[in-house]
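Taking it in order: structure first as structure tokens, then the write-up.
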Amino acid sequence: MITGEYLVLEGALSLAVPTIPGHEMTVEPGMKSGTLSWESYYEDECWFEGSFSLPGLEIIKARDPKTASYLQSLLQEANKLNPEVVEENESLNIVTKLGFRPDWGLGSSSSLINNIASFFKIDPFDLFFNTQKGSAYDIACANSDSPIFYRLEDRIPQFDNINFTPPFKDKLAFVYSGKKQDSEASVHQFLGQNGFYEYEKGSISGISREIQKAQSLHDFNELLNEHEEIMARVLNLPKVKEASFPDFPGSVKSLGAWGGDFLLASSEIGIEEIKAYFSAVELDVVFRWEELVLDIKF
């Protein structure tokens, strides 16, 4: 998300873009009665596998207990919302395939929630809010094939598809920071601040609208910098450019949970020089706009 997760929880308007790499899930009858088997792949590597009892969805065995516990919480809540799916199946075999590395923070959890909700024939927002603490903007992205404006009003998601293809996208890059942020923990920490952000919400909403309309890289960067100033003040944390890339000739903006996952780098030097700059500081996962963003016009 370009315009920040935290104040969206307070009702600010955000601009978010869905990614091209996706998350597939296939469901077939299983081989062992009373068992749901689960396998998760990235490329040809199985990075998680486990099994759960049916109908109770208790963990039988798992390669990674933490991932298994998280998955169990989603499955059990989905089963509460619609128990007929489990009741109608004696055994299940579920396989997921990520189009991106699990540690990149590109929405593996939100796309998983969306896929589970689809299988259970339930509202993905219900499943999200019953199990998570975030704004659910990424659930909206998982169901969209174009950029969106997103707002959370009284815990009710509101979102609209928009056209957003910056004319200067050849000067934008998405850079993996080398660390995955725990979004749930970040949101929990923010909610514990008990702040009142009416002025900041209005400012962020205005920035979101202006970012969509920006026709020059200069104006775009000014808006990114203004957003970083606001969020640094709200979170009492340093801006990512000042902390880590003070000599970068352009703007660097945190995306999603502050300080982790991907960064948006924006500069007149262009994509190849942007790649060279971050390669010099050992950040080699850099995507062009068109490699990562699904920006189909409607």
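The values are calculated or read from the model by the stated rules, or taken from the named source; none is laboratory data. Everything numeric here is computed off the predicted structure, so don't read it as measured data. All Cβ positions, even for glycine, are placed from backbone atoms using ideal geometry, and neighbour counts span all protein chains on display.
Does Ser73 meet the test of being part of a strand (DSSP E or B) and of a type in the set (Gly, Ala, Ser)? I'd like the intermediate steps shown before the answer.
Details: part of a strand (DSSP E or B): no; of a type in the set (Gly, Ala, Ser): yes.
Against the criterion (part of a strand (DSSP E or B) and of a type in the set (Gly, Ala, Ser)), Ser73 does not qualify.
Does Gly250 qualify as being at pLDDT 95 or above and either surrounded by 20 or more Cβ atoms within 10 Å (Cβ to Cβ) or charged (D, E, K, R) (or both)? Steps first, please.
Numbers: at pLDDT 95 or above: yes; either surrounded by 20 or more Cβ atoms within 10 Å (Cβ to Cβ) or charged (D, E, K, R) (or both): yes.
Yes.
Could you list, in sequence order, the residues of the range 10-44 that are surrounded by fewer than 16 Cβ atoms within 10 Å (Cβ to Cβ) and either part of a loop (DSSP other than H, G, I, E, B) or of a type in the set (Asp, Glu) (or both)?
Ile20, Glu24, Glu28, Met31, Lys32, Ser33, Gly34, Glu43, Asp44
Yes or no: Gly11 at pLDDT below 90, at positive phi and assigned by TED's automatic domain parsing to the domain that holds Glu226?
Here the answer is yes, as Gly11 does meet what is asked.
How many residues are of a type in the set (Ser, Thr, Tyr) and outside any helix (DSSP H, G or I) when one looks only at the range 117-145?
At the first step, the residues of the range 117-145 found to be of a type in the set (Ser, Thr, Tyr) are 118, 131, 135, 137, 144.
Next cut, outside any helix (DSSP H, G or I) only: 135, 144.
Within the range 117-145, residues that are of a type in the set (Ser, Thr, Tyr) and outside any helix (DSSP H, G or I) number 2.
Taking Glu272 as the residue in question, decide whether it is among the charged types (D, E, K, R), more than 20 Å from the chain's Cα centre (by Cα) and under 25 Å from Trp104 (Cβ atoms). Step through it out loud before you land on a result.
Working: among the charged types (D, E, K, R): yes; more than 20 Å from the chain's Cα centre (by Cα): yes; under 25 Å from Trp104 (Cβ atoms): yes.
Answer is yes for this residue.
Taking the range 45-60, which residues are under 27 Å from the mean Cα position of the chain (by Cα) and either surrounded by 15 or more Cβ atoms within 10 Å (Cβ to Cβ) or of a type in the set (A, V, I, L, M) (or both)? Show your work before the answer.
So in the range 45-60, the residues under 27 Å from the mean Cα position of the chain (by Cα) come out as 45-52, 57, 59.
Trp47, Phe48, Glu49, Gly50, Ser51, Phe52, Leu57, Ile59 - these are the residues of the range 45-60 that are under 27 Å from the mean Cα position of the chain (by Cα) and either surrounded by 15 or more Cβ atoms within 10 Å (Cβ to Cβ) or of a type in the set (A, V, I, L, M) (or both).
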